[in-house]
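Undergrad: Structure incoming, see below.
The values are calculated or read from the model by the stated rules, or taken from the named source; none is laboratory data. Being a predicted model, the structure only gives us computed values, none of them experimental. With ideal geometry, Cβ positions are generated from the backbone for all residues, glycine too; neighbour counts draw on all protein chains shown. Each accessible area value is taken on the protein alone, full model and side chains, heavy atoms only, with ligands, DNA and RNA left out. Shrake-Rupley method; radii C 1.70, N 1.55, O 1.52, S 1.80 Å.
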Amino acid sequence: MENLPPIFGVRHLSPAGAWHLRQTLDALRPRLVLVEGPCDLTPLMEDITRPETIPPVAILAYTQEAPVRSILYPFAAYSPEYQAILWAKENGAACRFMDLPSEVFLALREQKEQQGREEDTGAAPFDAWRELDRLAGPDGHEMFWERTLEHTTAPGAYEEGAAAFGRSLRELTAGREEDWAENLVREAQMRRVIEDAIAEGFAPGEILAVTGAYHVEGIRAAAPITDQERAALPRAAANFTLMPYSYYRLSTRAGYGAGNRAPAYYGLLWEGFLRGEEDYAARGYLAQVARYLREEGNPASSASVIEGVRLANQLADLRGSSRPVLRDLRDAAVTCLGEGSFSPVS
């Protein structure tokens, strides 16, 4: 089927992605929004969008039998997937998850653990993110991503940039990652859900699919999974629930592979998009550092914050970006608030 609906590729915790996605949703007004996530967890969307549900939150799916295995699908307020679900709720559109069921993910995890024990050679598996850090230079891939995409407001810029990033990442990892075969099955599943929605009566122009930028080209190229192939997938009986989460658990420091290095800072970026204030995150970050220093008995003046914002903008210019990123703000905090020492602000 050549006539596919738009597929919007994102980073899973991306304020710019969430903002640009909402602009696209407002422009296209789809009747159906499909979101990357286990398809059997769609009933929890109602709970995710309740007024009393305050992100960050996570969907937890876990096996019914011991040893208990679990998978988590976390959302921050600035997660594009969360904003897609919220937009659908606010605008009366249907919304569904479109990935493999959680029962399949849990069974595949068990199989991979077993296979890993049987085939352990001691060699480190290919790590795409480590390779990206090497290619991106001393600041790593996250600073590269932020400098390139997280501050853009130009129409279409994020979608185009994320698509290029996803294609490049796919070329880098094709056939090399342990999850390559699983990703192909997932993309066949998501393609099938899209085509089922069209067969159900939704026109392609009435659908918007939201997925990780890595999967966009895979979904477009995939043959939809068949009923026989679905039936052959392993399954583990599972329960699921919605649970409170934290910024720390969303961070790469906690081991979350799709996390941010500093989730609360990305929350400031999201607030800046909502307020229409380009320098909101810079001012907010340095003001919070100053406030914490004062609470701990260290001097931190408003003048130092102002100078920190100016220095961060100058550093951004020297490093080739239009607005300061986290690296620039940290360096400015050390210089202007820590008097050149990292320890007071660490």
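Undergrad: Name the pairs: first residue in segment 129-143 and on the phi > 0 side of the Ramachandran plot and without any contact (Cβ under 8 Å) to a residue 24 or more places away in the chain, second residue open to solvent by 40 Å² or more (accessible area, probe 1.4 Å) and part of a helix (DSSP H, G or I), Cβ to Cβ under 8 Å, at least 6 apart or on different chains?
TA: Filtered contacts from segment 129-143: G137/F144; G140/D133.
Undergrad: Within segment 221-264, which residues are in a helix (DSSP H, G or I) and loosely packed, with under 13 Cβ neighbours inside 10 Å?
TA: Hits for segment 221-264 are A221, D227, Q228, A231, A232, A254.
Undergrad: Cβ-Cβ distance below 7 Å, separation of 6 or more or different chains: which pairs start in segment 183-212 with a residue that is basic (K, R) and end on one that is surrounded by 17 or more Cβ atoms within 10 Å (Cβ to Cβ) and in a helix (DSSP H, G or I)?
TA: Sorted first by the residue in segment 183-212, then by its partner, the pairs are R191/I219.
Condition check ((1) among the small types (G, A, S); (2) outside any helix (DSSP H, G or I); (3) open to solvent by 20 Å² or more (accessible area, probe 1.4 Å); (4) in contact with a His (Cβ under 9 Å, 6 or more places away or on another chain)) across all residues:
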site: L21; (1), (2), (3), (4): no, no, no, no
site: T42; (1), (2), (3), (4): no, no, yes, no
site: E52; (1), (2), (3), (4): no, yes, yes, no
site: P55; (1), (2), (3), (4): no, yes, yes, no
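Undergrad: Is there any pair linking a residue in segment 87-99 that is in contact (Cβ under 8 Å) with a residue 24 or more places away in the chain and under 26 Å from N183 (Cβ atoms) to one that is part of a strand (DSSP E or B) and open to solvent by 20 Å² or more (accessible area, probe 1.4 Å), with Cβ under 8 Å and at least six apart or on different chains, and which?
TA: Final answer for the pair search is A88/A94; A88/C95; F97/E36; M98/E36; D99/E36.
Undergrad: For segment 286-300, which positions are part of a loop (DSSP other than H, G, I, E, B), at negative phi and of a type outside the set (D, E)?
TA: N298, P299, A300
Undergrad: Any residue that is in contact with a Ser or Thr (Cβ under 6 Å, 6 or more places away or on another chain) and not small (G, A, S) - is there at least one of those in segment 55-64?
TA: Yes, the conditions are met somewhere in segment 55-64.
Undergrad: In segment 277-304, how many are of a type outside the set (A, V, I, L, M), over 13 Å from T335 (Cβ atoms) and surrounded by 14 or more Cβ atoms within 10 Å (Cβ to Cβ)?
TA: Residues that pass the stated criteria total 7.
Undergrad: Quick check on this structure: which one of E65, E131, E90 is of a type in the set (D, E), surrounded by fewer than 20 Cβ atoms within 10 Å (Cβ to Cβ) and under 27 Å from P234 (Cβ atoms)?
TA: Unique residue meeting the criteria: E65.
Undergrad: Go through segment 305-346 and count every residue that is open to solvent by 30 Å² or more (accessible area, probe 1.4 Å) and either part of a loop (DSSP other than H, G, I, E, B) or of a type in the set (S, T, Y) (or both).
TA: 11
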